[in-house]
There are 2 protein chains.
Amino acid sequence: MTGTLYGVGLGPGDPELMSVRADRLVRGAKHIAFFRKAGRSGRARTIVEGMLRADAAEFAMEYPVTTEIPLSDPRYNDVLSCFYTECMDHLEALVRGGEDVVVLCEGDPFFYGSFMHVYERLKDKIPVQVVPAITGMSAAWTASGAPITWGDDILSTVMGTLNEQTLTKAIEAADALVIMKIGRNLPKVRRALDAACKADRAVLIEYASMDGETVRPLAEFDGETLPYFSIILVHGQGRRP
Amino acid sequence: MTGTLYGVGLGPGDPELMSVRADRLVRGAKHIAFFRKAGRSGRARTIVEGMLRADAAEFAMEYPVTTEIPLSDPRYNDVLSCFYTECMDHLEALVRGGEDVVVLCEGDPFFYGSFMHVYERLKDKIPVQVVPAITGMSAAWTASGAPITWGDDILSTVMGTLNEQTLTKAIEAADALVIMKIGRNLPKVRRALDAACKADRAVLIEYASMDGETVRPLAEFDGETLPYFSIILVHGQGRRP
């Protein structure tokens, strides 16, 4: 009588943009689990506020480190690995005990999501099902009021955390572009967009589909850093009958 | 008393993967419209079978041409433009008459979708709202049983309709890859994957999230052509704690 672990994508933030399946699983869940930064309510948990069963048991998996240790430090991976193992032991025990567990995932679980770390560790041990979702970038280009791609445009999704040369090359090569994980990398991202002659077409979207959603040309924002839920788009210009 | 035109993304095919908002709009619609090839039931319309109001008025927009005229022929764009104009006149009249109209869109409307042609023609004339959706590629990587991207992977989405050199270059440059619009371009796509030394990692997904969903290594498929709902993925290999 083993249960199932569900990795449920919640989409970009607006609860009405959850899939019908995700909505059903979240509302019916006896056990939910979610990642969050210590001391925060957690974005995934916030999205489902008001939707949970009164008797739902919640398991908050609090990251031991996020930006305090640089990515390049070997301790970064060590600390995270250990954290994941502890969390996974708990989830595995619940499911082996016959419980279904819903892991709440911002965005789409298999698209730059934290759930992949759960999945890789548990998929061969217990039944795991993944529910895809609307990505944050879909909400961003919808908010921008223009299609991201036309005809045969090549769309590339790049992270602001990449080094400047790689970033510039990728921005140059793409017809349509999504830049995520920007934060304090904004000055570098700006330089790369400039070098690729695409800065004038770049659009900044903050909090797509959420309260406080804003859309403006990147050129009209003169800050040095951006909140986590920010995406820069450069729309494709392909064939259009 | 003008109405609103809703471009409603239906997602990859499984009706349970529609968003809660899309589900609500489709079930409540008095007027629906959708594109389809003449003589076919139409994929978008098929997804919502059984969901519509008994008194819903349906407007099927039947493509006058799809693959009969080559893309390079100037008549291709002319014929399509004329077709779009006729359809748009009808939709505009309905909305100006005070009706809300739901345009059914496969996948996500602003991601390589036909709805962008509706949107560009009507957005400055009548109120238009777009509901994003789960993309076919999200359903494909979910079906594949592995995350498409890790860490800082660059993900590129490319069309099989591109010329071989462009295709090869884009495949080489990306860490993670989605190839769509394959069809009769499969031999060319194979050559490009071979040239970029990624053929052995390519996974073929047909009918993701739909009846008949299949997942297999591309190397195990020896046909020359693929159905429309086929996606080839090459998963990223980025940093994983």
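The values are calculated or read from the model by the stated rules, or taken from the named source; none is laboratory data. In this text the structure is predicted, and so the values were computed from the model without any measurement. Don't worry about glycine lacking a Cβ; one is built from the backbone with ideal geometry, like all the others, and counts go over all protein chains shown.
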For the list (1) within 29 Å of A:S230 (Cα to Cα); (2) exposed (fewer than 14 other Cβ atoms within 10 Å of the Cβ), I need the number of the one condition that A:E86 fails.
(1)
Among residues of the stretch A:146-173 being of a type in the set (A, V, I, L, M) and more than 7 Å from chain B (Cβ to nearest Cβ), the residue nearest to B:F115 (Cα to Cα) is A:A146
Which is crowded, with 19+ Cβ neighbours inside 10 Å and not aromatic (F, W, Y), of A:D200, A:D152?
A:D152
Give just the number: which of (1) among the hydrophobic types (A, V, I, L, M, F, W, C); (2) in contact (Cβ under 8 Å) with a residue 40 or more places away in the chain; (3) out of contact with any Phe, Trp or Tyr (no Cβ under 7 Å at 6 or more places or on another chain) does A:L162 not satisfy?
(2)
Is at least one residue of the stretch B:20-33 assigned by TED's automatic domain parsing to the domain that holds B:L94, more than 19 Å from the chain's Cα centre (by Cα), in a helix (DSSP H, G or I) and small (G, A, S)?
yes
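Which one is farthest from B:S230 (Cα to Cα), of the residues in the stretch B:174-196 that are more than 14 Å from every other protein chain (Cβ to nearest Cβ) and touching a residue at least 12 places away in the same chain (Cβ under 8 Å)?
In the first step, residues of the stretch B:174-196 are kept if they are more than 14 Å from every other protein chain (Cβ to nearest Cβ); the result is B:184, B:186-187, B:190-191, B:193-195.
Applying the additional criterion that residues be touching a residue at least 12 places away in the same chain (Cβ under 8 Å) yields B:184, B:186-187, B:190-191, B:193, B:195.
Working: B:R184: 11, B:L186: 10, B:P187: 14, B:R190: 14, B:R191: 17, B:L193: 16, B:A195: 21 Å.
In this case the residue turns out to be B:A195.
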Regarding B:A44, is this residue in a strand (DSSP E or B), more than 14 Å from every other protein chain (Cβ to nearest Cβ) and touching a strand residue (DSSP E or B) at 6+ places or on another chain (Cβ under 8 Å)?
no
Test set (1) without any contact (Cβ under 8 Å) to a residue 40 or more places away in the chain; (2) assigned by TED's automatic domain parsing to the domain that holds B:E58 - B:S156 fails condition number
(2)
If we keep only residues of the stretch A:1-41 that are within 9 Å of chain B (Cβ to nearest Cβ) and surrounded by fewer than 18 Cβ atoms within 10 Å (Cβ to Cβ), then the residue farthest from A:V102 (Cα to Cα) is A:E16
Suppose the filter is surrounded by 17 or more Cβ atoms within 10 Å (Cβ to Cβ) and under 30 Å from A:M210 (Cα atoms); does A:L94 pass it?
no
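The rows are residues; the columns are (1) buried (at least 21 other Cβ atoms within 10 Å of the Cβ); (2) outside the structural domain of A:V158 (by TED's automatic domain parsing); (3) in a loop (DSSP other than H, G, I, E, B).
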residue: A:V189; (1), (2), (3): yes, no, no
residue: A:G212; (1), (2), (3): no, no, yes
residue: A:R216; (1), (2), (3): no, no, no
residue: A:G223; (1), (2), (3): no, no, yes
residue: A:P227; (1), (2), (3): no, no, yes
Within the stretch A:127-140, which residues are at the interface with another protein chain (Cβ under 8 Å from one of its Cβ atoms) and part of a loop (DSSP other than H, G, I, E, B)?
A:P132, A:A133, A:I134, A:T135
Can you find a residue that is surrounded by 14 or more Cβ atoms within 10 Å (Cβ to Cβ), in contact with a strand residue (DSSP E or B) (Cβ under 6 Å, 6 or more places away or on another chain) and of a type outside the set (V, I, T) anywhere in the stretch B:73-81?
no
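So for the stretch B:76-87 (the condition being aromatic (F, W, Y) and closer than 30 Å to A:G9 by Cα), does at least one residue qualify? Outline the logic, then answer.
Our first condition is that a residue be aromatic (F, W, Y); within the stretch B:76-87, this holds for B:76, B:83-84.
Filter again for closer than 30 Å to A:G9 by Cα, leaving none.
No, because not a single residue in the stretch B:76-87 is aromatic (F, W, Y) and closer than 30 Å to A:G9 by Cα.
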Among (1) modelled with pLDDT of 95 or more; (2) crowded, with 22+ Cβ neighbours inside 10 Å; (3) in a helix (DSSP H, G or I), there is one condition A:I179 misses while meeting the rest; what is its number?
(3)
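For the subset of the stretch A:66-108 comprising residues that are part of a helix (DSSP H, G or I) and among the polar types (S, T, N, Q), which member is farthest from A:M137 (Cα to Cα)? Break it down into steps so the answer makes sense when it comes.
Narrowing the stretch A:66-108 to residues part of a helix (DSSP H, G or I): A:74-96.
Filter once more, so that each one left must be among the polar types (S, T, N, Q): A:77, A:81, A:85.
On the way: A:N77: 27, A:S81: 28, A:T85: 30 Å.
The extreme case among them is A:T85.
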Does A:A143 satisfy being outside any loop (DSSP other than H, G, I, E, B) and at the interface with another protein chain (Cβ under 8 Å from one of its Cβ atoms)?
no
Identify the residue in the stretch A:70-126 that is of a type in the set (S, T, Y) and under 15 Å from the mean Cα position of the chain (by Cα) and, among all such residues, is nearest to the other protein chains (Cβ to nearest Cβ).
A:Y112
Mind checking which pairs have a first residue in the stretch B:84-112 that is among the hydroxyl-bearing types (S, T, Y) and a second that is in a helix (DSSP H, G or I), Cβ under 8 Å, 6 or more apart or different chains?
B:Y84/B:H117; B:Y84/B:V118; B:Y84/B:R121; B:T85/B:R121
